[in-house]
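Any read-out appearing in this document is the output of simple, stated calculations on the displayed coordinates, not a laboratory observation. Bear in mind that the values here come from a model prediction, so they are computed numbers and not experimental data. Counting neighbours? That spans all protein chains shown, and the Cβs are built from the backbone with ideal geometry, glycine included.
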Amino acid sequence: MKPEALLHPTPAGLFCPVGGFHVDPVRPVERALITHGHSDHARAGHTHVLATRQTLDIMKIRYGDDFCTSEQEAAWGEVIDVGGVNVSFHPAGHVLGSAQIALEHKELRIVVSGDYKRGVDPTCAPFVPVNCDVFITEATFGLPVFHHPHPREEIGKLLTSLKQFPDRSHMVGAYALGKAQRVIRLIRDSGYDEPIYIHGALAKLCDYYESQGIALGEIRPATIDKSSPDLFKGAVVVGPPSAFQDRWARRFNEPLIAFASGWMMVRQRAKQSGVELPLVISDHCDWPELLETINEVAPSEVWVTHGREEALVRWCELKGIPARPLHLVGYEDEGD
Amino acid sequence: MKPFATLLDRLVLTPSRNGKITLLVDYFRTTPDPDRGYGLAALASALDLKSVKPAMLRELVLERMDAVLFQYSYDYVGDLAETIALVWDGLEKDDTTDAEQPLLSEVVARMNSLGRTEVRSAVRELLDHLDPSGRFAFLKLVTGSLRIGVSARLAKQALSEMSGKDVTEIETLWHGLEPPYVSLFAWLEGQADKPVLATPAIFHSVMLANPVESGDLEKLDPADYAAEWKWDGIRVQMSAHGGTKKLYSRSGDDITGAFPDIVEQINFDGVIDGELLVGGTMRSNNPTRTFSDLQQRLNRKTVNAKMLEDYPAFVRAYDILFDGEADVRAKGFLERRERLSEVIGHAPHDRFDLSDLVPFTTWDELEALRRDPPDPVIEGVMIKRRDSVYQAGRLKGPWFKWKRDPYNVDAVMLYAQRGHGKRSSYYSDFTFGVWTDGPDGDHLVPVGKAYFGFTDAELEVLDKFVRDNTVERFGPVRAVRADKDFGFVLEVAFEGINRSTRHKSGVAMRFPRIARLRMDKLPRDADRLETLTAMIDAKTADAKM
């Protein structure tokens with residue numbers, strides 16, 4: 001069987017005609033398998049949804065109880081028959097509940113990795129390599145320029161800056177699902193135990209992480225009235241990056257904008273977005289990790305979904321591994 | 001290298017001056033000698049380092065990497081040094097520890113000891129031993145382009161901040177010392193006496209004037225003061241001693257190399273304060289030319305023969321600090337002026353002249369002269385106490401500057417952009433335009449951009465207007481509604497105006513700022529482009545008289 005007969009791109013997303021389901025569809029479909037809770041992968045309005053417990057919970061938090069008609073939970077490694085195709089979920093190490101989905105049919109195995117990373121992250125289960133014939137990988141940071149440093153060093157920069165500028169409120173931009181909780185956890189792991197203030201948009205997801213056993217220390221809402229900027233002198237405030245350009249940010253004292261993202265690797269990008277303290281902390285693979293993963297999984301073919309496909313495809317060609325870009329649309333970089 | 005690289009990373013992204021000073025002070029305090037001295041030299045553009053051509057760097061990186069992958073990377077990053085710094089590790093995860101990295105002083109020593117054929121392998125080896133941020137700093141240093149928004153002046157301010165010593169004292173020492181400035185740091189930290197300078201022709205900090213503010217003059221007796229024209233050039237200092245001749249900018253930057261036409265003609269010993277201008281001296285009977293002509297000669301390391309011929313420079317002398325060996329700074333202004341007149345009288349007539357005194361008896365009389373000066377390149381008057389001694393710095397009382405009133409126009413806000421740092425949540429950079437004829441009738445054409453002049457309370461008003469009236473967004477920039485009957489009128493003040501081929505409107509303003517918010521006016525009442533071009537024409541007509 002040709003791999004394209006088992007799974008191929010359609011305008012709604014990757015479609016498996018044999019099993020009659022889509023993976024991470026960008027439009028409402030009858031049957032959806034979801035890798036993780038970021039809004040470009042997990043959308044509301046599908047009829048049946050199959051995902052990990054945590055991904056289902058996150059979708060419920062974000063979209064409400066009626067985000068789909070019926071949900072089904074997938075346990076790690078459990079083989080589920082969906083329309084005659086054997087499907088199983090394996091940790092992807094991206095955010096809480098994130099999974100790679102393996103599809104097996106007539107001796108052919110395809111792994112859709114979703115978004116994934118290989119670096120250590122105490123807030124989610126680590127990536128497990130699954131051998132396969134076709135490995136479908138993202139390429140968000142698929143350029144040789146991306147070498148993400150150890151997150152501990154990056155948090156060290158934040159702590160140094162708190163000492164250098166003890167009066168300024170340090171505003172750490174981090175996306176609401178995954179990055180924010182990971183950054184808070186990293187700050188705690190480096191010995192900082194003052195209260196950390198969060199923007200309202202993070203509250204529910206932080207509570208959920210706590211309920212899943214990920215301790216975040218003392219978290220306070222950063223929503224006290226405009227009148228008390230003194231309270232936030234030298235405080236760490238975590239919020240979605242967009243909020244820092246908004247009027248919301250004015251209640252703080254001489255805000256110093258930091259941004260936790262893999263994109264911060266490139267100085268010009270940091271500069272254009274008005275970031276003073278870039279923290280290169282990513283929930284995606286950097287270039288060496290992408291290559292390491294392909295070597296380890298050893299697929300006979302690589303398909304590249306989204307990001308900088310051309311460089312990764314070029315590298316595979318140089319290595320003699322057949323590779324092609326899928327040109328899927330609708331995936332952005334919410335997770336980084 | 002690590003501390004310097006970390007400092008550069010922060011400086012590049014820190015917009016505020018105070019923030020930069022904090023980072024610099026921290027670096028000078030925590031980095032040992034001689035590294036901090038080399039860091040200081042690099043920031044102040046005083047570091048002598050063997051340079052490396054970009055072409056060689058490109059060859060080095062292609063030795064270890066596929067050309068196509070390199071090109072993808074370079075296209076994405078857009079800066080050669082940064083691309084190479086980031087891709088150098090290839091497949092390796094970076095695991096260079098800080099202790100293994102060479103020190104900045106070791107890098108400088110190594111590079112400067114290399115013979116021509118050794119450069120390639122030394123650069124390769126250094127890149128291997130630095131982490132990405134260290135590689136970036138190293139590559140910026142050897143390609144000679146730091147571009148991090150730190151001037152020599154700011155670095156000296158930081159030294160002053162760290163030590164409590166006056167910045168003018170540091171500036172006076174500066175040109176007599178060499179990297180890595182060990183004796184300077186020892187003095188700043190109170191561990192040694194002030195260094196004694198061996199080099200002649202050093203820079204001496206200049207005396208500055210305060211602007212005249214309302215009520216200042218009525219308290220003063222005009223008989224105690226002399227007046228001079230304030231020329232629109234740049235303030236310089238000529239320092240000559242036993243054959244060594246130097247030209248310094250107001251902040252002590254050595255600009256000797258760019259002005260051989262002046263420096264070679266210096267025929268006196270001593271230190272003279274004056275205005276650098278282009279055109280002809282009074283004594284040559286050729287007119288003094290405008291600041292935009294002078295700009296052709298500024299910010300260059302060297303100068304070619306055509307430049308020298310098309311834009312001849314000269315110095316209009318204001319004051320004398322040293323007459324030969326004699327320090328005359330403690331003498332009165334008029335007495336110094338007599339000595340100055342003597343020295344300039346014997347200097348080449350086409351390169352040096354003496355700034356005229358402007359006779360007056362009452363402040364009203366001077367006010368009339370200031371408003372209508374005899375030459376378009378005059379931007380106001382200087383008022384100096386007749387008995388004032390020459391004291392470095394900006395003291396209130398002995399010297400005043402009284403500038404010509406700024407130009408004003410009413411313009412309409414067109415675009416707004418978010419500010420930086422403290423202002424990152426405000427739309428605080430405004431592009432404004434005036435009316436002009438077009439094929440479809442009147443339309444607004446952008447004529448300038450301003451980001452200061454308003455109060456914090458006014459900024460709240462401006463920001464609210466932008467947020468409530470955005471019609472289009474382009475990244476951080478918003479276009480706001482601006483038509484005849486709805487929009488925001490800004491009164492813009494500026495120091496000068498010139499023709500420009502770079503701007504669509506054909507005009508360019510100097511130092512535009514927002515003088516007032518004209519909420520009482522509708523955009524239809526704003527000025528027209530013809531008003532601005534008429535200001536240029538009036539100036540040009542003046543110049544021809």
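Altogether, the Stokes-Einstein calculation at 20 °C and 1.002 mPa s, with the Kirkwood radius of segment B:184-238 over Cα pairs as Rh, returns a diffusion coefficient of 132 µm²/s.
Taking Cα atoms only, the orientation of helix A:53-63 departs from the longest principal axis of chain A by about 60 degrees. Computed from Cα positions, the angle between helix A:151-164 and the longest principal axis of chain A comes to roughly 10 degrees.
Report, as an integer, the average count of C-beta atoms from other chains found within 10 Å of each Cβ along A:266-273.
Details: counts 7, 11, 6, 2, 3, 4, 2, 3.
The shielding value for this peptide is 5.
Computed over the alpha-carbon pairs of segment B:443-545, the distance histogram in 5 Å steps reads 2, 11, 18, 23, 21, 14, 7, 3, 2, 1, 0 percent, short to long. Roughly how far apart, in whole Å, are the Cα centres of segment A:141-217 and segment A:244-289? After rounding, the separation between the Cα centres reads 12 Å.
If you take all C-alpha pairs in chain A, what percent of them are over 32 Å apart? Before the final figure, lay out each step's value.
Working: 17353 of 56280 pairs.
The answer is 31 percent, as a whole percent.
Taking every pair of Cα atoms in segment B:70-221, average 1/r, invert it to obtain the Kirkwood radius, and report Rg/Rh to two decimals. Display every interim value, and only then the final one.
Values: Rg = 22.4 Å, Rh = 19.7 Å.
Looking at segment B:70-221, the ratio lands at 1.14.
Placing +1 at every Lys and Arg Cβ and -1 at every Asp and Glu Cβ, with all other atoms neutral, what dipole size does chain A have around its Cα centre, in debye to the nearest 20?
Details: 33 positive and 44 negative charges, 174 e Å.
So the dipole magnitude of chain A works out to roughly 840 debye.
Provide B:Arg135, A:Arg251, B:Arg371 in ascending order of the number of other Cβ atoms located within 10 Å of each residue's Cβ, fewest first.
Numbers: B:Arg135 26, A:Arg251 20, B:Arg371 10.
Arranged by neighbour count, lowest to highest, B:Arg135, A:Arg251, B:Arg371 become B:Arg371, A:Arg251, B:Arg135.
Averaged over residues, the count of other Cβ atoms within 10 Å places the peptides B:54-67, A:23-36 in the sequence A:23-36, B:54-67, highest first.
Inter-chain neighbour count for A:309-315: the average number of beta-carbon atoms from partner chains within 10 Å of each residue's beta-carbon is 3. Here the alpha carbons of segment B:210-403 define both size measures, Rg and Dmax, at 16.6, 51 Å.
Placing +1 on the Cβ of every Lys and Arg and -1 on the Cβ of every Asp and Glu, with nothing else charged, gives segment B:210-403 a dipole about its Cα centre of roughly 540 debye.
Adding -39500 (n - 2.57) for every DSSP H run of four residues or longer, then dividing by how many residues chain B holds, sets the calculated 222 nm ellipticity at -10000 deg cm²/dmol.
Find which of B:Leu462, B:Gly233, B:Asn285 sits farthest along the positive direction of the dipole of chain B, computed with +1 on the beta-carbon of Lys and Arg, -1 on that of Asp and Glu, about the Cα centre. In chain B, that residue is B:Leu462.
Report note on the peptides A:163-169, B:454-460, B:256-262: ranked by the mean count of other C-beta atoms within 10 Å, highest first, their order is B:256-262, A:163-169, B:454-460. In the structure shown, do any of A:Lys117/A:Lys179; B:Lys464/B:Lys521; A:Lys233/B:Lys464; B:Lys194/B:Lys384 have a Cα-Cα gap over 21 Å, and if so which? Violating the 21 Å Cα-Cα cut-off are A:Lys233/B:Lys464; B:Lys194/B:Lys384.
Cα convex hull, the protein assembly as shown: 207 Å³ per residue, rounded to a whole number.
May I ask you to sort B:Lys156, B:Lys504 by Cβ crowding, counting other Cβ atoms within 10 Å and putting the fewest first? List each step's numbers first, then the result.
Values: B:Lys156 23, B:Lys504 11.
Ascending number of Cβ neighbours within 10 Å: B:Lys504, B:Lys156.
With everything on Cα atoms, drop me the angle between helix A:179-189 and the longest principal axis of chain A, reported from 0 to 90° to the nearest 10. Here the helix axis deviates by roughly 60 degrees.
How high is the relative contact order of chain B, in percent, counting Cα pairs under 8 Å that sit 6 or more residues apart? Intermediate values should be presented prior to the final figure.
Working: 945 pairs, mean separation 59.8, N = 545.
Across chain B, relative contact order equals 11 percent.
Estimated translational diffusion coefficient (Stokes-Einstein, Kirkwood radius over Cα pairs, 37 °C, 0.692 mPa s) of segment B:372-436: 200 µm² per second. Within 10 Å of the Cβ of each residue in A:144-152, the mean number of Cβ atoms contributed by other protein chains is 6. Computed on segment B:2-142, the Cα convex hull volume stands at 115 Å³ per residue. Each peptide in B:298-310, A:111-123, A:314-326 was scored by the mean count of other Cβ atoms within 10 Å over its residues; highest first, the order is A:111-123, A:314-326, B:298-310. Helical runs (DSSP H, four residues minimum) scored at -39500 (n - 2.57) apiece and divided by the length of chain A put the mean residue ellipticity at 222 nm at -6500 deg cm²/dmol. Pairs exceeding 18 Å between alpha-carbon atoms, taken from A:Lys163/B:Lys165; B:Lys20/B:Lys156; B:Lys156/B:Lys230; B:Lys230/B:Lys449; B:Lys2/B:Lys156; A:Lys271/B:Lys20: A:Lys163/B:Lys165; B:Lys156/B:Lys230; B:Lys230/B:Lys449; B:Lys2/B:Lys156. Among A:Glu296, A:Glu309, a tally of other beta-carbon atoms within 10 Å of each Cβ gives an order, fewest to most, of A:Glu296, A:Glu309. Of interest is the spacing of the C-alpha centroids, which for segment B:322-356 and segment B:379-410 amounts to 20 Å.
In nm², what is the average projected area of the convex hull enclosing the Cα atoms of segment A:140-264?
Details: hull surface 32.0 nm².
Over all viewing directions, segment A:140-264 projects a mean Cα-hull area of 8.0 nm².
Mind checking which aspartates and glutamates have their Cα closer than 15 Å to the Cα of A:Lys2? Skip sequence neighbours fewer than 8 apart in that chain. Excluding near neighbours in sequence, the set is A:Glu104, A:Glu107, A:Asp133, A:Glu301.
What number, in percent, do you get for the relative contact order of segment B:407-542 if the mean sequence gap of Cα pairs under 8 Å and at least 6 apart is divided by its residue count? The normalised contact order for segment B:407-542 reaches 29 percent.
Which number do you get for Rg(Cα) / (2.2 N^0.38 Å) in segment B:411-496?
Working: Rg = 12.9 Å, N = 86, 2.2 N^0.38 = 12.0 Å.
Taking N as the residue count of segment B:411-496, the ratio is 1.08.
Averaging Cα coordinates gives a centre for segment B:207-247 and one for segment A:1-28; these two points are 79 Å apart. In plain terms, the C-alpha convex hull of segment A:224-287 casts an average shadow of 4.8 nm² when viewed from every direction.
What you get for segment B:409-491, charging only the Cβ of Lys and Arg (+1) and of Asp and Glu (-1), is a dipole of about 520 debye around the Cα centre.
In square nanometres and to one decimal, what's the mean projected area of the convex hull around the Cα atoms of chain B?
Values: hull surface 122.7 nm².
Taking the Cα atoms of chain B, their convex hull projects to 30.7 nm² on average.
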